Every structure is written in C-alpha cells, then in structure tokens.
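Structure first, commentary second.
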Amino acid sequence: MRVTAASLTLLLGTAAALADADGGITALRARLGSAAPTGAGMAVMQVEAPEGSGAYAPNPADAAFVGKTITRMDPAAGNSSHATTVGQALYGSGISMAPGIVNIWAYNVNSWITGTLKVGGGSTAPSAAPSTAVRVMNHSWIGSFGAGNAAFDREAVRRLDFQASRDGILPVCGENNGAGSARQPMMGDTFNGVSVGRNDLQHSAGDTPAASDTPGRMKPDLIAPGAFTSFSTPVVGAAAALLFETIQGSSLSSLSNLQRVQLAKVCLLGGADRDASWANNAPQSGSSRGVATKPIDALRGAGSLNVDRAHRILTADRMDGASTATGASFASAEGWGTAAISSAQKSHWRFSVNQVTPAFDFTVVWPRTVASNFGSYTYVDMNLRVYRALGNAATLAPMEGDAGLDLFARGNVQSVSTVDNVETLHLIDLQPGEYVVELSRVGSGSAFTAYAAWMVDPAAFGLLGDLDGNGAVDAGDIGVLLVMFGSGNPAGDLDRNGTVDAGDISVLLLNFG
C-alpha cells in the first residue's frame, strides 16, 4: 500500500500552520460566552502516516496537551511533528476549537488499515472504537493501494463508512495539497464522512474516479482554515466535536449513532459560508436557468467552515419534512429536519419570506448503507427543488428558466445530481413570497432517511407590507402597492395568490402602523 501524509514533508510550527484558524469559533464564543461547547466528554481517534523515522503519534509533552491522555495504539517510535501539529488543531488547549477533548487514541495508518479497519479481512467487521465517547476520526493523510488495486481502495472506504454509521463517528479526511494536484481515494472518497480542502483553495478537487464506488461524486465536501490540508482537516474535526457535545447534552442524545453522524454532517455543510465566489454552476440564463446538475462548488465544496452557523442550525427548531406541501408548517430562519422517503415519494418544507432575502440556503445529505460482508452497498438518488407557492401552497409554480427571472437574482432552484449524496439550494436576493422546498426520491427501494439543514437571511422575516423598506407599514407602502396593482410583482403579492390585487391591499391595511 502507498500512503503519504497530506503535508508530511512540510512540518511547520503551530504559528505558521494554524495562524488563520477561526472557522466561526470567535462568533460562537461571543454568542454563547461560558456556555459555548468545548468538546468536553468527546474523544477522538487520530490516524497518522508515519514519518521517515516511523514516528506517528503526537508529542505527549507538548504544552497544548497538558491534562490529556494520548494512547498509542501501535508500538512507540518517537514523536511525530506532523501528528503534534494536527493534534494541536484537533484538541490542543489554547489552540483548538475543542480544548475540552482529553482522550485521544493515536494510530499508525499502516497497521490501522489492516489491524483495525480489517481491509482484506473478508466479512470481518472493523474493530469497535476504543471508547463509546469517540465521535471524530481524523485522517490528515492521503493514500492508495496503488495501480491495479482499486478494489482494495474501494473496500477501505466502504469499511470506513460502515464504521462511521455503526459507531457514530464522523471521519474527517484531508484532500491533497496544491491546486490541481492529484486526488487519492483514501479517505477523501468517503460518502458518510467529510473530505476537507483549504480556504485558500490550494488543494486537490474534482470528481471521484471511474474505479471508485458511484464515480463522479464531487470532492472536497468542505473547506476550512489551515496552511495545509493536514491542518484544515482537524479544524473541521474539532468543530464536529462541539456539535457532538451539544447533541449529547440535549434531548437529541437519544439519536442513534447513524443519526448523530448525519446530523453533525448536515449542520457543518448547511452552515458553511458561501461567499460571492461560491457557485454550483447552474445556468443563469435560458430555459435551464437555476438547474444545477452538480450540487456544490467545484473547489469550495459546500463552502467554508462556520461552526457558529452550524451550531445555530443544530440548536434551532427541528422540522421534519411533510408528505404534502399544504401539510407543511412554516419553517423558521434556521433549522434542521429529516425525511424518510420511499420509492417516488416526496417531502416538503415551507417558507414565508416578507422581504427581499439576500441569501437562502437549503442542504440535504444522506448516507450510503454498506453490506456487512463489504461486497456491496446501497446508494439512493434524491433531487431537491424549490417552488413558488400560491394559494396556501395549493399551487406550486416552477422557478426554472424565465419563470424565475423576477423571483431571484442568481443561484439554483434545482439540485439534481445523479451520483452525489448531497444536494444544495443557494439563492441570492429571493423576492418576497411563499416558497416550498421539495425533496424527491428517484427510483425504487425501501425507505431511506435524508437530513436537511437550512439558513435563511434574517432580513427575510421583516414586516409584511413594508414595501418601501423604511421599517414600518405606512402610507408610503400604500403608494408603492398601488403602483404595482394589477401586476404579478412578487414583492406586492402579499396574499400569495400570484397577482397584486384588492386582497393585497387588505393584507397591507391589517398590518398598517
């Protein structure tokens, strides 16, 4: 097997490697103060490629590791500078987002692959995690079994996804360093974990190759701060630990291991920052305007890590999808939910937007299920779409093509990848109105559960009827409405029937003053 650390040849000190690390933690701590999660009670597995000397584990004497227990799962061979810097970002006191993590298990990847993951072991399952407190598994290395051995690469990733779901562990897996560099299948090809690139975009990116399971899936899933992917990856792992701690300390503690992992993942992806450069390449003109066949940005994945936004989603109200649009309650500005969908079924979420919305984001993820003999797996295809809802959602009006020109400035209203297990909607300057997000199952098969997360700019929930944007419903708004009268302008369609008419005047007067 050929295995290399993602940045093993450049073993920088903490200041250089982690200087730009934030990922939303400053905002989270400012918002929650002493109540902010620290990763307390969570444990991690740190899998490392050995340095030339054979060293693979962090230096337990490092000042950032005081009070922590680092258990070496393979014979000691000195201390690894690479592993030490990774550990500082993952759980180091005074450095990591998650300094409350105190129990760490360190592995040499070359023995972990066969001894723990059991690659080549037939139907023998991967070893159980060393503790039920383990919630994150960090992989700051890349690798492959080499030419002609793609079957072993596929098996390794299948086993990783199996263990993630079975044990409730989120694998975070680094991409290669260098823009345009070659990707490696292990372990960035994961379905159930998160592959990580860098905020400066100096990482490998692209579709999973033809030899992989369900080829053509987009990678990375997320980008994060860090001078090298080896150090971006544990920043995501630390953020995940904060979410797992929050889950454990709430009513969500009853969730299954699989549910915990997928909930943490969708919050991370759904809460990611998407700046003006982010795009999933949906056409912005013509009949296919707004239809994305690729769900995420080719370089940025779902976006840049923002643990504060992820935490806000996690702690917001849960709203599961409804089987009909009319049966769906109105969702809040941020939240999450699930949808168990069988063959050809649909699930719906409903939003009422009172003002022009700078950003509307909706993300869905779902896992693959790996057979216990690791010889096969189950993947389902799902599509995501948003409609303009009229007449209390009795009518769902398409927004693709010219139909959406007056409804949103740019972005996508469909996400219809046939291979990825993530779909996203990203709309800029969405006009006032009522909207329904619909998740649909493609093909046959038993029920499969998807996990949804959304963030809608708070500006969307301003005063209904404040058409001139002065913060009050007053005489000026009546004048604006009269100018719109008789048109289909969504900004003036206050009763959501598709036309600016007498009903909208009634709604405005009810909100007057």
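The values are calculated or read from the model by the stated rules, or taken from the named source; none is laboratory data. The shown structure was predicted, so the numbers you read here are calculated from the model rather than taken from an experiment. Methodologically, a virtual Cβ is constructed for each residue, glycine included, from the backbone with ideal geometry; neighbour enumeration extends over all protein chains shown.
Picking from 236, 196, 261, which residue would you name as being assigned to a helix (DSSP H, G or I), among the β-branched types (Val, Ile, Thr) and either touching a Phe, Trp or Tyr at 6+ places or on another chain (Cβ under 9 Å) or within 20 Å of residue 156 (Cβ to Cβ) (or both)?
Selected residue: 261, the only one of 236, 196, 261 that is assigned to a helix (DSSP H, G or I), among the β-branched types (Val, Ile, Thr) and either touching a Phe, Trp or Tyr at 6+ places or on another chain (Cβ under 9 Å) or within 20 Å of residue 156 (Cβ to Cβ) (or both).
A residue that is of a type outside the set (Asp, Glu), touching a residue at least 12 places away in the same chain (Cβ under 8 Å), under 24 Å from residue 42 (Cα atoms) and touching a helix residue (DSSP H, G or I) at 6+ places or on another chain (Cβ under 6 Å) cannot be found anywhere in segment 144-153. Taking segment 370-394 as the range and being among the polar types (S, T, N, Q), surrounded by fewer than 17 Cβ atoms within 10 Å (Cβ to Cβ), at negative phi and touching a residue at least 40 places away in the same chain (Cβ under 8 Å) as the test, the residues that pass are 372, 373, 378.
Among residues of segment 97-113 that are surrounded by 21 or more Cβ atoms within 10 Å (Cβ to Cβ), those with a Cβ under 8 angstrom from a residue that is outside any loop (DSSP other than H, G, I, E, B) and among the basic types (Lys, Arg), sequence gap 6+ or separate chain, pair up as 106/72.
Exactly one residue among 110, 176 is in contact with a strand residue (DSSP E or B) (Cβ under 9 Å, 6 or more places away or on another chain), within 30 Å of residue 303 (Cα to Cα) and not basic (Lys, Arg), and that residue is 176. Residue pairs whose Cβ atoms lie under 9 Å apart, sitting 6 or more positions apart in sequence or on different chains, and linking a residue in segment 67-83 that is without any contact (Cβ under 8 Å) to a residue 12 or more places away in the chain to a partner that is crowded, with 19+ Cβ neighbours inside 10 Å, are 75/108. Restricting the search to segment 30-82, which residues are within 24 Å of the chain's Cα centre (by Cα), over 24 Å from residue 160 (Cβ atoms) and of a type in the set (S, T, N, Q)? Result: 38, single match. Looking at segment 500-508, can you tell me whether even one residue there is out of contact with any helix residue (DSSP H, G or I) (no Cβ under 9 Å at 6 or more places or on another chain) and not in a helix (DSSP H, G or I)? Yes, segment 500-508 contains a residue that is out of contact with any helix residue (DSSP H, G or I) (no Cβ under 9 Å at 6 or more places or on another chain) and not in a helix (DSSP H, G or I). Please tell me if residue 440 is modelled with pLDDT under 85, among the small types (Gly, Ala, Ser) and in the same structural domain as residue 358 (by TED's automatic domain parsing). For residue 440, the condition - modelled with pLDDT under 85, among the small types (Gly, Ala, Ser) and in the same structural domain as residue 358 (by TED's automatic domain parsing) - is not met.
The condition of being under 15 Å from the mean Cα position of the chain (by Cα) and either at pLDDT 95 or above or aromatic (Phe, Trp, Tyr) (or both) holds for residue 295. Output the residues belonging to segment 272-315 that are closer than 24 Å to residue 208 by Cα, in a loop (DSSP other than H, G, I, E, B) and small (Gly, Ala, Ser). If the condition is that a residue be closer than 24 Å to residue 208 by Cα, in a loop (DSSP other than H, G, I, E, B) and small (Gly, Ala, Ser), then 272, 277, 279, 282, 298, 302, 303 are the ones that fit. Being over 20 Å from residue 155 (Cβ atoms) and either surrounded by 21 or more Cβ atoms within 10 Å (Cβ to Cβ) or in contact with a strand residue (DSSP E or B) (Cβ under 9 Å, 6 or more places away or on another chain) (or both) is true for just one of 188, 206. Which residue is that? None of the others qualify; the one that does is 206. Evaluate segment 78-89: report whether one residue or more is in contact with a helix residue (DSSP H, G or I) (Cβ under 9 Å, 6 or more places away or on another chain), surrounded by fewer than 18 Cβ atoms within 10 Å (Cβ to Cβ) and outside any helix (DSSP H, G or I). Looking for residues that are in contact with a helix residue (DSSP H, G or I) (Cβ under 9 Å, 6 or more places away or on another chain), surrounded by fewer than 18 Cβ atoms within 10 Å (Cβ to Cβ) and outside any helix (DSSP H, G or I), one finds none in segment 78-89, hence no. Among the residues examined, residue 302 qualifies as under 28 Å from residue 398 (Cβ atoms) and in contact (Cβ under 8 Å) with a residue 40 or more places away in the chain. Can you find even one residue in segment 248-266 that is closer than 25 Å to residue 387 by Cα, touching a Ser or Thr at 6+ places or on another chain (Cβ under 8 Å), surrounded by fewer than 21 Cβ atoms within 10 Å (Cβ to Cβ) and outside the structural domain of residue 400 (by TED's automatic domain parsing)? No. The residues listed here are 429, 477; of these, the one that is out of contact with any strand residue (DSSP E or B) (no Cβ under 7 Å at 6 or more places or on another chain) and either closer than 30 Å to residue 165 by Cβ or not hydrophobic (A, V, I, L, M, F, W, C) (or both) is 477. Restricted to segment 25-84, and to residues there that are of a type in the set (Ser, Thr, Tyr) and over 16 Å from residue 139 (Cα atoms), the residue that is modelled with the lowest pLDDT is 53. Return a yes/no flag: does segment 132-143 have any residue that is of a type in the set (Phe, Trp, Tyr), surrounded by 16 or more Cβ atoms within 10 Å (Cβ to Cβ) and within 25 Å of residue 372 (Cα to Cα). No; the residues of segment 132-143 include none that is of a type in the set (Phe, Trp, Tyr), surrounded by 16 or more Cβ atoms within 10 Å (Cβ to Cβ) and within 25 Å of residue 372 (Cα to Cα).
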